[in-house]
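A.B. asks: Have a look at this one.
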């Protein structure tokens, strides 16, 4: 299992979440601040099985295409998950 951490601009977050959920992914949005994208940002968390990582990244890339070579629309981290447990 992997944890995909996706940092996007605030104005891209709602549409990105909507499309990811429509594709069957579960997404958690957390408020975040910082200078990664040098503007307002949102951090999205997605827990996915190993086989879902590349399809998820392909979808994310299609949702956030780079329109300006000098400017990034998102930042992705893929982290290993040692244990996952749903509570309740």
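The values are calculated or read from the model by the stated rules, or taken from the named source; none is laboratory data. Just so we're clear, the structure is a prediction, and the values are computed from it rather than from any experiment. Quick reminder, even Gly has a Cβ in these numbers, built from the backbone with ideal geometry, and neighbours come from all protein chains shown.
A.B. asks: Please go through the stretch 53-84 and give me each residue that is under 14 Å from residue 2 (Cα atoms), out of contact with any strand residue (DSSP E or B) (no Cβ under 8 Å at 6 or more places or on another chain) and either in a helix (DSSP H, G or I) or modelled with pLDDT under 90 (or both), ordered by number.
C.D. replies: 54, 55
A.B. asks: Across the stretch 36-52, which residue is modelled with the lowest pLDDT among those that are in contact with a strand residue (DSSP E or B) (Cβ under 9 Å, 6 or more places away or on another chain) and outside any strand (DSSP E or B)?
C.D. replies: 37
A.B. asks: Given the options 4, 17, name the one that is in a strand (DSSP E or B), surrounded by 12 or more Cβ atoms within 10 Å (Cβ to Cβ) and modelled with pLDDT of 95 or more.
C.D. replies: One residue alone meets the criteria, 4.
A.B. asks: Sticking with this one: Conditions: (1) in contact with a helix residue (DSSP H, G or I) (Cβ under 7 Å, 6 or more places away or on another chain); (2) touching a residue at least 60 places away in the same chain (Cβ under 8 Å). Residue 75 meets all but one. Number of the miss?
C.D. replies: Result: residue 75 fails condition (1) only.
A.B. asks: Quick check: is even one residue across the stretch 27-34 in contact with a helix residue (DSSP H, G or I) (Cβ under 6 Å, 6 or more places away or on another chain), surrounded by 17 or more Cβ atoms within 10 Å (Cβ to Cβ), free of Cβ contacts under 8 Å to residues at least 60 places away in the same chain and part of a loop (DSSP other than H, G, I, E, B)?
C.D. replies: Within the stretch 27-34 (the criterion being in contact with a helix residue (DSSP H, G or I) (Cβ under 6 Å, 6 or more places away or on another chain), surrounded by 17 or more Cβ atoms within 10 Å (Cβ to Cβ), free of Cβ contacts under 8 Å to residues at least 60 places away in the same chain and part of a loop (DSSP other than H, G, I, E, B)), the answer is yes, since at least one residue qualifies.
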